[in-house]
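Have a look at the structure below before the remarks.
The values are calculated or read from the model by the stated rules, or taken from the named source; none is laboratory data. Since we're looking at a predicted model, the values are computed, not measured. No Cβ is skipped: glycine too gets one built from the backbone with ideal geometry, and neighbour counts run over all protein chains shown. For accessibility, only protein heavy atoms count, side chains too; no ligands or nucleic acids. Shrake-Rupley method; radii C 1.70, N 1.55, O 1.52, S 1.80 Å.
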Amino acid sequence: MEFFASWVFRCRVWVYLKMNYPELEAPSKVVRKGFEAERKFEEFLKLVGVKYVKQPKGKMELENFSVVGKADFLTEKCVIEVKNSSRNFPIEWIAQLNLYMKIFDVEKGILVKFHGDGAQMKSFEFDEELYEKSLEYFSWFLENKPDFPRKCSAKLCSFRHVCLNMGKR
(Lines give C-alpha, C1' and ligand atoms only; values in the text may rest on other atoms or scores of the structure.)
Protein backbone atom coordinates (compact mmCIF):
# COMPACT_ATOMS: atom_id res chain seq x y z
CA MET A 1 0.00 0.00 0.00
CA GLU A 2 1.22 3.49 -0.88
CA PHE A 3 0.39 6.67 1.02
CA PHE A 4 1.24 10.18 -0.10
CA ALA A 5 3.03 12.38 2.43
CA SER A 6 0.53 15.15 1.66
CA TRP A 7 -2.28 12.97 3.07
CA VAL A 8 -0.93 12.90 6.61
CA PHE A 9 -3.45 14.00 9.27
CA ARG A 10 -6.05 14.93 6.67
CA CYS A 11 -9.70 13.95 7.02
CA ARG A 12 -9.75 10.14 7.17
CA VAL A 13 -12.75 9.97 4.84
CA TRP A 14 -10.85 12.11 2.32
CA VAL A 15 -7.79 9.82 2.51
CA TYR A 16 -9.94 6.70 2.18
CA LEU A 17 -11.71 8.14 -0.88
CA LYS A 18 -8.44 9.32 -2.41
CA MET A 19 -6.97 5.82 -1.97
CA ASN A 20 -9.95 3.90 -3.30
CA TYR A 21 -11.94 6.24 -5.58
CA PRO A 22 -9.65 8.97 -6.92
CA GLU A 23 -11.94 9.44 -9.93
CA LEU A 24 -14.63 10.91 -7.63
CA GLU A 25 -12.45 13.88 -6.74
CA ALA A 26 -13.68 17.25 -8.00
CA PRO A 27 -11.07 19.83 -9.14
CA SER A 28 -10.17 22.23 -6.37
CA LYS A 29 -9.45 25.97 -6.60
CA VAL A 30 -7.05 25.47 -3.72
CA VAL A 31 -4.78 23.28 -5.88
CA ARG A 32 -4.63 25.93 -8.62
CA LYS A 33 -3.78 28.62 -6.07
CA GLY A 34 -1.07 26.38 -4.66
CA PHE A 35 0.59 26.06 -8.07
CA GLU A 36 0.56 29.85 -8.41
CA ALA A 37 2.25 30.21 -5.00
CA GLU A 38 4.92 27.69 -6.05
CA ARG A 39 5.56 29.69 -9.23
CA LYS A 40 6.03 32.89 -7.19
CA PHE A 41 8.41 31.19 -4.79
CA GLU A 42 10.42 29.67 -7.62
CA GLU A 43 10.94 33.19 -8.99
CA PHE A 44 12.27 34.19 -5.56
CA LEU A 45 14.68 31.21 -5.45
CA LYS A 46 16.03 32.14 -8.88
CA LEU A 47 16.38 35.79 -7.88
CA VAL A 48 18.48 34.98 -4.79
CA GLY A 49 20.48 32.31 -6.63
CA VAL A 50 19.54 29.25 -4.58
CA LYS A 51 20.19 25.96 -6.37
CA TYR A 52 17.20 23.63 -6.12
CA VAL A 53 15.37 20.71 -7.64
CA LYS A 54 11.69 21.31 -8.36
CA GLN A 55 9.22 18.58 -7.38
CA PRO A 56 11.70 15.77 -6.74
CA LYS A 57 9.97 12.42 -6.31
CA GLY A 58 10.77 10.45 -3.20
CA LYS A 59 9.76 7.15 -1.66
CA MET A 60 10.26 5.58 1.73
CA GLU A 61 9.67 1.83 1.99
CA LEU A 62 8.43 0.59 5.36
CA GLU A 63 7.43 -2.86 6.55
CA ASN A 64 3.69 -2.72 5.69
CA PHE A 65 3.41 0.29 3.38
CA SER A 66 5.36 3.04 1.69
CA VAL A 67 5.19 6.82 1.84
CA VAL A 68 5.70 8.69 -1.41
CA GLY A 69 5.52 12.25 -2.56
CA LYS A 70 6.95 15.18 -4.44
CA ALA A 71 8.31 18.01 -2.35
CA ASP A 72 7.85 21.44 -3.89
CA PHE A 73 11.57 22.24 -3.76
CA LEU A 74 14.69 20.46 -2.52
CA THR A 75 17.99 22.22 -1.91
CA GLU A 76 21.25 20.68 -0.77
CA LYS A 77 20.32 21.32 2.87
CA CYS A 78 16.53 21.46 3.13
CA VAL A 79 13.07 20.66 1.82
CA ILE A 80 10.75 23.55 1.02
CA GLU A 81 6.96 23.27 0.89
CA VAL A 82 4.86 26.17 -0.38
CA LYS A 83 1.23 26.72 0.60
CA ASN A 84 -1.32 29.33 -0.45
CA SER A 85 -3.47 29.80 2.60
CA SER A 86 -4.32 32.04 5.52
CA ARG A 87 -3.96 29.08 7.93
CA ASN A 88 -1.20 29.44 10.49
CA PHE A 89 1.11 26.45 9.81
CA PRO A 90 -1.23 23.60 10.82
CA ILE A 91 0.14 20.27 12.03
CA GLU A 92 -0.67 18.46 8.76
CA TRP A 93 1.65 20.82 6.84
CA ILE A 94 4.42 20.37 9.40
CA ALA A 95 3.96 16.58 9.35
CA GLN A 96 4.07 16.50 5.54
CA LEU A 97 7.28 18.54 5.59
CA ASN A 98 8.68 16.26 8.30
CA LEU A 99 7.97 13.18 6.14
CA TYR A 100 9.77 14.82 3.22
CA MET A 101 12.76 15.52 5.48
CA LYS A 102 12.89 11.79 6.27
CA ILE A 103 12.35 10.73 2.64
CA PHE A 104 15.07 13.05 1.31
CA ASP A 105 17.38 12.58 4.32
CA VAL A 106 17.72 16.24 5.33
CA GLU A 107 17.40 17.66 8.85
CA LYS A 108 15.77 20.98 7.94
CA GLY A 109 12.53 22.00 6.27
CA ILE A 110 10.95 25.32 5.43
CA LEU A 111 7.24 26.03 5.07
CA VAL A 112 6.33 29.06 2.99
CA LYS A 113 2.82 30.44 3.32
CA PHE A 114 1.45 32.85 0.74
CA HIS A 115 -1.69 34.83 1.51
CA GLY A 116 -2.72 37.75 -0.64
CA ASP A 117 0.38 39.71 -1.58
CA GLY A 118 2.45 38.62 1.42
CA ALA A 119 4.46 35.55 2.32
CA GLN A 120 5.70 34.09 5.58
CA MET A 121 8.42 31.47 6.05
CA LYS A 122 9.00 29.20 9.02
CA SER A 123 11.86 26.76 9.54
CA PHE A 124 11.55 23.31 11.14
CA GLU A 125 13.97 20.64 12.29
CA PHE A 126 13.20 16.94 11.81
CA ASP A 127 10.92 15.69 14.62
CA GLU A 128 11.15 11.94 15.36
CA GLU A 129 8.00 11.94 17.52
CA LEU A 130 5.93 13.62 14.79
CA TYR A 131 7.36 11.12 12.30
CA GLU A 132 6.18 8.20 14.46
CA LYS A 133 2.71 9.75 14.85
CA SER A 134 2.53 10.19 11.07
CA LEU A 135 3.32 6.51 10.51
CA GLU A 136 0.69 5.53 13.10
CA TYR A 137 -1.86 7.66 11.22
CA PHE A 138 -1.17 5.82 7.96
CA SER A 139 -1.05 2.42 9.70
CA TRP A 140 -4.64 2.96 10.89
CA PHE A 141 -5.87 2.61 7.28
CA LEU A 142 -4.41 -0.89 6.97
CA GLU A 143 -7.03 -2.19 9.42
CA ASN A 144 -9.85 0.37 9.35
CA LYS A 145 -12.30 2.09 7.05
CA PRO A 146 -13.63 5.47 8.18
CA ASP A 147 -17.34 6.16 8.50
CA PHE A 148 -18.80 8.86 6.29
CA PRO A 149 -19.63 12.01 8.23
CA ARG A 150 -23.25 13.04 8.71
CA LYS A 151 -22.25 16.58 7.78
CA CYS A 152 -19.26 17.95 5.93
CA SER A 153 -17.87 21.21 7.23
CA ALA A 154 -14.80 21.25 4.97
CA LYS A 155 -15.84 23.86 2.42
CA LEU A 156 -12.74 23.40 0.26
CA CYS A 157 -12.63 19.60 0.26
CA SER A 158 -12.37 18.04 -3.21
CA PHE A 159 -14.63 15.15 -2.06
CA ARG A 160 -17.22 17.33 -0.27
CA HIS A 161 -19.93 16.42 -2.80
CA VAL A 162 -19.46 12.72 -2.00
CA CYS A 163 -19.73 13.18 1.79
CA LEU A 164 -22.74 15.49 1.47
CA ASN A 165 -24.53 12.94 -0.71
CA MET A 166 -23.67 10.07 1.65
CA GLY A 167 -25.10 12.04 4.59
CA LYS A 168 -28.48 12.28 2.83
CA ARG A 169 -28.97 8.51 2.78
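The table below gives the values:
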| quantity | calculated |
| --- | --- |
| Unique match (being over 13 Å from the mean Cα position of the chain (by Cα), modelled with pLDDT of 95 or more and either surrounded by fewer than 17 Cβ atoms within 10 Å (Cβ to Cβ) or not aliphatic (A, V, I, L, M) (or both)) among F126, F114 | F126 |
| Positions within region 79-97 being in contact with a strand residue (DSSP E or B) (Cβ under 7 Å, 6 or more places away or on another chain) and under 18 Å from S134 (Cβ atoms), in sequence order | V79, E81, K83, F89, W93, I94, Q96, L97 |
| Residue within region 40-57 that is of a type outside the set (D, E) and over 20 Å from I80 (Cβ atoms) present | no |
| Qualifying residue in region 3-17 (condition: closer than 17 Å to M101 by Cα, open to solvent by less than 80 Å² (accessible area, probe 1.4 Å), assigned to a loop (DSSP other than H, G, I, E, B) and touching a strand residue (DSSP E or B) at 6+ places or on another chain (Cβ under 7 Å)) | no |
| All positions within region 108-135 that are free of Cβ contacts under 8 Å to residues at least 24 places away in the same chain and closer than 18 Å to G69 by Cα | E132 |
| Top-ranked residue in region 131-146 [being modelled with pLDDT of 95 or more and polar (S, T, N, Q); ranked as surrounded by the fewest Cβ atoms within 10 Å (Cβ to Cβ)] | S139 |
| Selection count, region 41-79, where residues are open to solvent by 10 Å² or more (accessible area, probe 1.4 Å), under 19 Å from F114 (Cβ atoms) and either touching a Gly at 6+ places or on another chain (Cβ under 7 Å) or among the basic types (K, R) (or both) | 4 |
| Subset of region 80-100 [of a type in the set (A, V, I, L, M, F, W, C) and out of contact with any Gly (no Cβ under 9 Å at 6 or more places or on another chain)] | F89, I91, W93, A95 |
| Any pair with Cβ under 9 angstrom, 6 or more apart, that starts in region 84-96 at a residue that is open to solvent by 20 Å² or more (accessible area, probe 1.4 Å) and ends at one that is small (G, A, S) | N84/G34; N84/A37; S85/G34; S85/A37; S86/G116; E92/S6; W93/S85; I94/G109 |
